[in-house]
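A.B. asks: Quick one: structure below, then a few questions.
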There are 4 protein chains.
Amino acid sequence: MSGGTTRRSLDVARHRREDAARRECEMTTSPPPLSKREIDGFRQSLSNWGRWGDRDQLGTLNHITADKRIASARLVRSGRTVGCARSLATQAAADNPQPAVHLMVATASEGWAGDYFALATHGFATSHIDALCHIFHEGTLYNGYPIERVTAHGALELGIQELRHGIVSRGILLDIPRARRVDFLEPGEPIFIADLERAESDGSVRVEPGDVVMLRTGRWRAREVRGPRPAGEGLAGLDASCLPWLHQRGVAALGCDGVSDVLPSRVADELLPIHSVAIVTMGLHLLDNLQLDDLAVACLEEGRIEFHVAIAPLILQHGTASPANPIALF
Amino acid sequence: MSGGTTRRSLDVARHRREDAARRECEMTTSPPPLSKREIDGFRQSLSNWGRWGDRDQLGTLNHITADKRIASARLVRSGRTVGCARSLATQAAADNPQPAVHLMVATASEGWAGDYFALATHGFATSHIDALCHIFHEGTLYNGYPIERVTAHGALELGIQELRHGIVSRGILLDIPRARRVDFLEPGEPIFIADLERAESDGSVRVEPGDVVMLRTGRWRAREVRGPRPAGEGLAGLDASCLPWLHQRGVAALGCDGVSDVLPSRVADELLPIHSVAIVTMGLHLLDNLQLDDLAVACLEEGRIEFHVAIAPLILQHGTASPANPIALF
Amino acid sequence: MSGGTTRRSLDVARHRREDAARRECEMTTSPPPLSKREIDGFRQSLSNWGRWGDRDQLGTLNHITADKRIASARLVRSGRTVGCARSLATQAAADNPQPAVHLMVATASEGWAGDYFALATHGFATSHIDALCHIFHEGTLYNGYPIERVTAHGALELGIQELRHGIVSRGILLDIPRARRVDFLEPGEPIFIADLERAESDGSVRVEPGDVVMLRTGRWRAREVRGPRPAGEGLAGLDASCLPWLHQRGVAALGCDGVSDVLPSRVADELLPIHSVAIVTMGLHLLDNLQLDDLAVACLEEGRIEFHVAIAPLILQHGTASPANPIALF
Amino acid sequence: MSGGTTRRSLDVARHRREDAARRECEMTTSPPPLSKREIDGFRQSLSNWGRWGDRDQLGTLNHITADKRIASARLVRSGRTVGCARSLATQAAADNPQPAVHLMVATASEGWAGDYFALATHGFATSHIDALCHIFHEGTLYNGYPIERVTAHGALELGIQELRHGIVSRGILLDIPRARRVDFLEPGEPIFIADLERAESDGSVRVEPGDVVMLRTGRWRAREVRGPRPAGEGLAGLDASCLPWLHQRGVAALGCDGVSDVLPSRVADELLPIHSVAIVTMGLHLLDNLQLDDLAVACLEEGRIEFHVAIAPLILQHGTASPANPIALF
């Protein structure tokens, strides 16, 4: 129940930004976009198919060993908890065309209070974790399962129920606006390996196998300032050139206040290369549309960017995702 | 991703039960049922109204201090995780007349897999945590908020969004069938303070302020054997005489594989005295319909009944509950 | 299955309009807005409470006698049918913030095709008929039923199930843009008794007791040209001064491509005077958000504005409305 | 708003039944079950593919000409209306495992009454009309459309929106329990051509091209007496041998208080031969789970089994069905 500090603390970061020129500079020296062919190359070079067995359903969560969990618990020093979810998005908006429904089933007239909710978990509004069945490539899912296993009755392989015992590990916040000394990334602004490593370096932490990386782009602050608009028109996120880094570091799960992918993707004929390669090739679970502003405040105040984290998906048999509220514990 | 041991380990417990005569004996020496007047007395003697301020919305979760969370993290020794939720209950049954809906929004024909789900969270089938707005008594909610704050647009006080930063603390499993050397409690069988204390004693642990108590009745094994039936016809759970114990021990949250209340309640004119006094009078959050069989196996195998636990509710503004999958970490 | 003529026929009407000046003239001679006090006067002078008995649940549908239905069938001469509903509004828009959900429950993978839909019937997007429980005034529903009869489990009086045998009568299209020689009314443009009577006169028909009046404002053509926007910002519809006319003529049910009320209402402190007086005082069923463009084409081509009409609500016990597709038969 | 006579009139029919022996006799002389091969023969001999053009989406509704509609209006003599739908089935039961959801979006606390409902239209509980996309045979839909046109986003051909202008024609009630002088058919009891023709003969009417046939099995009275049970265990309905009769007579649409098919089907390896051949081969729309008891009473009291009927589906783009309340007008 902690974490009550207001967002004003983030203003500290705001005052640190030196100038727009710096950003200008960075943009002009950005790596060039990858080609579809390079992405296809990743489908070979970054593949985890078979790495944890022919019937593996967990992908890079296999990086989280019991020892990793034990070590993550050792990070708890202040006892502060921080939730990383947005409120369920019940209001239609340019970035939420199919809002969640929330209705009451009982109120004063029945003598108790009960409710009902309904939502399509994916999209650009609900904080959620993707199951590995969420994305296909050329008729195939992670680890080679065929697309036919995805039916109108759900995904018969790689469903979200595989995560019934939750994800517990070390979490690391990579706060890119902070690393770049800006308030937020602009819609469509790509993030490169250099950004990830600067954020690590600023936090004196190195991402290691089994870590849950939380990638902050400042999306919700951008939305406040720039207004809501269709996600396809622009979201800050990872450039596809970061994929090998995710693989080499052994990231277990990747959360983002956007959808991890920069949109548009900068790669011709690949809408979502991060989703496609992370999920299908690497078996890397993604968490989309998180709310990482409270976490950013906590990291500033706690003076560290690593923490214990627990993710507790709902168990939806054959489901493609679960709404999720990752809980960071400092 | 651990906890994969089959339920066969529970057979250990089964073989320990000595005889049906023992149960018979216990039943005949049960404390007599409380009267409605005694329950009304609890509404005074066990009240936490104003204890944490006039505007408090958290109730007994205030028992969970930062130090309590830090200490709970110190319990992590094996790194084993155990989820405590059932699969979302999409099948109608005698104990689930309004099943959850789970549908796909995209499959092979759309090139990705997405889904939708809808549910009325309360009832007797979904693992969930009640918000403190869930129950009223004589026109009033916990801490004196008036019933008029519960509208058809949700509960304007005590909504589930108050738990946005999650619940992290020490968890303790009180496995009553194990304490009684039986396979499961029969539908309608009450649990008394003596049972709770025997379970503590068997586990060499004492419930203390801020603990999250998980109360196992063996409901799902009873259901396998006895078949599903309407919950109102009989669920094992706490006798109302346990309420002072919950108060004195400073339980922060109480989870159960049933609904904590024994049904029928044994108290004339009080359908759900545990719900009513725990939620309205004490501000004690209840978690209903959990799946505690995996946790029971883990406790047996780990040789202890205490663990670190994280509960991560979805943030549903003005909501009366959230589906939940508490994650125990050993 | 008729009615396939394209909307181009409406262009006939377009070419008839003489000039904008005419409209200008009409606007400047509009009756002044009514006051809230005058509306309150209607609550006395136009009341049908008790007219059809203390327990009446049908209101002005009592005007539809068996003879009226028989006569309506005599109007059938060409055999042409025309539906008056929009497609269920599954896309979010400025005038549809809570879109209907439409999902498949089975497709090729299951060997049959089945679906699911969900919607909040009221609002400004779905063609529907209001039940008489939909609107209250000072704690009371039509015919004096108390507001307490509307619970979180539905309306225990005046629910839509009262219409289980459907509405069959004479229908009359009052096409106001046609009467005014314009393409469509502007958002927020009020309609007065003079307009209604000009439309009658143009069609050589007089609205009589038991008729179902279909009021066309050209809303969907306005939406094409002006774009979608929140309904509260402006919808063409009846000025409150038309209420006595509806009463005197004995209109049985009133449909509109808007919501019958002009928005804003022109009456200070009365958001929806037509809804309030028609439903609560008169017991007059309203149909909102109809699609009357096909009907307008048919009337032009058939050379008449009267027809047989059948409205077949779904039977939703204690429901406040039903989606509806009135079928006109010429 | 008529049709209020109680079901007691049906007792007239009950007293007419002579004896159980008669039924026994009929059953023993039943035609033998058809083979799958004979059903496959129907797929050739009864085919309407191409009959109304390569792009036809309406099937046997093409039998309803404008003249047919005009003639149907001539049948109106008493002005009585009768709805043919059940209340939406919001209660789980053995024959309704996925009940409709009905919730309020606004009540007294919001100053108006509004609601929400959600349902999977098919199944054995909701009165509905099937779209022609509902059933496939060997990868193909009616008129040769390929199964690939049925996606997770709906059916791109033969969707229910094709019926946007409604169905209006002559309706004929074939009340088989009345024809057999029994109260209701037993679950699983088949209906043969002789039954259909006896019902015609008793009513002095002959089914002709374009008629909407309403087939009453007495299902809801059987349910009252025998209790609800899974539909697959037994529903009265047409034996597959009736298919040629439906074709020869030119039935435009077929409604039933069951699902038209007798269940089990009596045909080895064909679960639903009526559904399969009627929908896929003939393009004949079926209406399932109607409530025909009120209609049976009306026919008795009106002394005739033919009437004007209007069916007004909701327009659900790419939908596989619509809930429907056919309105008979005498």
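Each reported figure results from applying straightforward, stated rules to the coordinates on display, with no laboratory input. None of these values were measured; they are calculated from a predicted model. Neighbour counts run over all protein chains shown; Cβ positions are idealised from the backbone, glycine included.
A.B. asks: Before rounding to the nearest 500, sum -39500 (n - 2.57) across all DSSP H runs of length at least 4 in chain D and divide by the residue total; then give [θ] at 222 nm in deg cm²/dmol. All intermediate terms of the calculation are to be shown ahead of the outcome.
C.D. replies: Values: 9 runs with 75 residues, N = 330.
Result for chain D: -6000 deg cm²/dmol, rounded to the nearest 500.
A.B. asks: Count the net charge of all other residues whose Cβ sits under 14 Å from the Cβ of A:Ala100, scoring Lys and Arg as +1 and Asp and Glu as -1. Walk me through the intermediate numbers first.
C.D. replies: On the way: positive: A:Arg86; negative: A:Asp95, A:Asp115, B:Asp115.
Result for the local shell: -2.
A.B. asks: For the range A:41-140, what does the alpha-carbon gyration tensor say about shape, rounded, prolate or oblate, given a ≥ b ≥ c as the root eigenvalues, a/c under 1.5 as rounded, and a/b over b/c as prolate? Intermediate values should be presented prior to the final figure.
C.D. replies: Values: a/c = 2.53, a/b = 1.48, b/c = 1.70.
Oblate, because a/c is 1.5 or more while a/b does not exceed b/c.
A.B. asks: With springs only between Cα atoms under 10 Å, which of A:Thr151, A:Thr121, A:Thr140 fluctuates most in a Gaussian network model of chain A?
C.D. replies: Its mean-square fluctuation being the largest, the pick is A:Thr151.
A.B. asks: Kindly identify the protein assembly as shown as rounded, prolate or oblate by the Cα gyration tensor criterion: order the square roots of the eigenvalues as a ≥ b ≥ c, call it rounded if a/c is under 1.5, otherwise compare a/b with b/c, prolate if a/b is larger, else oblate. The partial results should precede the final answer.
C.D. replies: On the way: a/c = 1.63, a/b = 1.43, b/c = 1.14.
Prolate, because a/c is 1.5 or more and a/b exceeds b/c.
A.B. asks: Output wanted: per-residue J couplings in Hz (rounded whole) for the range A:132-138, from phi through Karplus 6.51 cos²θ - 1.76 cosθ + 1.60, θ = phi - 60°, x for Gly and Pro.
C.D. replies: Values per residue, Gly and Pro as x: 6, 7, 5, 10, 10, 9, 6 Hz.
A.B. asks: Where the label is 7 Å out from Cα toward Cβ, how close does D:Leu271 come to the same position in every other copy, in nm, shortest first?
C.D. replies: List, nearest first: 3.2, 3.8, 4.7 nm.
A.B. asks: Related question: Which far-off residues, 5 or more places away or on another chain, put their amide H under 5 Å from the one on D:Asp175, with H placed in the peptide plane?
C.D. replies: D:Arg216
A.B. asks: A further question follows. For chain C, calculate the relative contact order in percent as a whole number, restricting contacts to Cα pairs under 8 Å that are 6 or more residues apart. Provide the component values of the computation, followed by the final result.
C.D. replies: Values: 740 pairs, mean separation 97.9, N = 330.
Once divided by the residue count of chain C, the mean separation gives 30 percent.
A.B. asks: List, in order, the whole-Hz ³J(HN,Hα) value for each residue of the range D:230-239 obtained from phi through the Karplus relation with A = 6.51, B = -1.76, C = 1.60 and θ = phi - 60°; use x for Gly and Pro.
C.D. replies: Karplus-based 3J(HN,Hα) across the range D:230-239 equals x, 4, x, 7, x, 9, 5, x, 6, 5 Hz.
A.B. asks: Under a 10 Å cutoff between Cα atoms, tell me which one of D:Leu141, D:Leu119, D:Leu163 has the largest fluctuation in the Gaussian network model of chain D.
C.D. replies: It is D:Leu119.
A.B. asks: I want to verify a result. In a Gaussian network model of chain C, Cα cutoff 10 Å, which of these has the top mean-square fluctuation: C:Gly319, C:Gly218, C:Gly53?
C.D. replies: For chain C, modelled as a Gaussian network with Cα springs under 10 Å, the answer is C:Gly53.
A.B. asks: Hey, which lysines would be in cross-link range of D:Lys68, C-alpha to C-alpha under 27 Å, not counting anything within fewer than 8 residues on its own chain?
C.D. replies: C:Lys68
A.B. asks: Now a separate question. When Cβ neighbours within 10 Å are restricted to other protein chains, what is their mean count per residue of peptide B:65-76? Spell out each step's value before the answer.
C.D. replies: Working: counts 3, 9, 2, 1, 10, 7, 2, 4, 9, 3, 1, 10.
Taking the mean over all residues of the peptide, I get 5.
A.B. asks: If you average the sequence gap of Cα pairs under 8 Å that are 6 or more apart and divide by the length of the range D:101-229, what percent do you get for the contact order? Intermediate values should be presented prior to the final figure.
C.D. replies: On the way: 126 pairs, mean separation 23.2, N = 129.
Contact order relative to length: 18 percent.
A.B. asks: Starting from the 7 Å offset along Cα-to-Cβ, what nm value, one decimal, do you get for the label separation of C:Asp67 and C:Arg181?
C.D. replies: About 4.0 nm, to one decimal.
A.B. asks: DSSP loop (so not H, G, I, E, B), at most 15 other Cβ within 10 Å: list which GluC sites (Glu not before Pro) in the range B:155-230 pass both filters. Before the final figure, lay out each step's value.
C.D. replies: Details: sites: B:Glu157, B:Glu162, B:Glu197, B:Glu200, B:Glu224; in loops: B:Glu157.
Answer by residue number: there is no such site.
A.B. asks: Quick one: grab the alpha carbon gyration tensor of the range A:169-278, order the square roots of its eigenvalues as a ≥ b ≥ c, and give me rounded if a/c is under 1.5, else prolate or oblate depending on whether a/b is larger than b/c.
C.D. replies: Values: a/c = 1.93, a/b = 1.25, b/c = 1.54.
It is oblate, given that a/c is not under 1.5 and a/b is not larger than b/c.
A.B. asks: Follow-up. For a quick check of your reading of the filter: which trypsin sites (Lys or Arg not before Pro) in the range D:74-133 sit in a DSSP loop and have no more than 13 other Cβ atoms within 10 Å?
C.D. replies: Details: sites: D:Arg74, D:Arg77, D:Arg80, D:Arg86; in loops: D:Arg74, D:Arg77, D:Arg80, D:Arg86.
Within the range D:74-133, the qualifying trypsin sites (Lys or Arg not before Pro) (loop, at most 13 other Cβ atoms within 10 Å) are D:Arg74.
A.B. asks: Ok, one more. Quick one: in chain C, whose Cβ comes closest to the C/B rotation axis, and how close in angstrom?
C.D. replies: Closest to the rotation axis on chain C: C:Leu103, 2.
A.B. asks: Right, something else. Tell me which residues come under 5 Å, amide H to amide H, from A:Ser169 once H is placed; ignore anything under 5 positions away on its chain.
C.D. replies: A:Val309
A.B. asks: Same structure again: Once amide H atoms are placed 1.01 Å from N in the peptide plane, what residues at a sequence separation of 5 or more from C:His285, or on another chain, have their amide H within under 5 Å of its amide H?
C.D. replies: So C:His285 has HN proximity to C:Thr60, C:Leu61, C:Leu254.
A.B. asks: Looking at chain A from every direction and averaging, what is the projected area of its Cα convex hull in nm²? Walk me through the numbers before you get to the answer.
C.D. replies: Details: hull surface 71.0 nm².
Hull-based average projected area comes out at 17.7 nm².
A.B. asks: Averaged across D:140-150, how many Cβ atoms of other chains sit within 10 Å of each residue's Cβ atom? Let's see the in-between values first.
C.D. replies: Numbers: counts 0, 1, 0, 0, 0, 0, 1, 4, 3, 3, 10.
Per-residue shielding by partner chains comes out at 2.
A.B. asks: Another question, then. Which of the listed residues, A:Ala199, A:Ala179, A:Ser169, is farthest toward the dipole's positive end in the range A:156-210, when Lys, Arg count +1 and Asp, Glu count -1 at the beta-carbon?
C.D. replies: So the residue furthest toward the plus end is A:Ser169.
A.B. asks: Along the Cα-to-Cβ line of A:Glu148, 7 Å from the Cα, sits a label point; which residues in the range A:125-140 have backbone N less than 14 Å from it?
C.D. replies: Residues A:139-140 fall inside that zone.
A.B. asks: When each copy gets a label point 7 Å from Cα toward the beta-carbon at C:Gly188, what are the spacings between them in nm, shortest first?
C.D. replies: 3.4, 6.8, 6.9
A.B. asks: Using alpha-carbon pairs under 8 Å, 6+ residues apart, how would you state the relative contact order of the range B:119-176 in percent?
C.D. replies: Numbers: 33 pairs, mean separation 14.2, N = 58.
Across the range B:119-176, relative contact order equals 25 percent.
A.B. asks: For B:Asp67, which inter-copy label distances result when the label point lies 7 Å beyond Cα on the Cα-to-Cβ vector, reported in nm to one decimal and in ascending order?
C.D. replies: 3.4, 9.0, 9.6
A.B. asks: Here's another thing I want to ask about it. Please name which of A:Ala125, A:Ala268, A:Val150 has its Cα lying farthest along the dipole of chain A towards the positive end, using unit charges on Cβ (Lys, Arg +1; Asp, Glu -1) and the Cα centre as origin.
C.D. replies: A:Ala125
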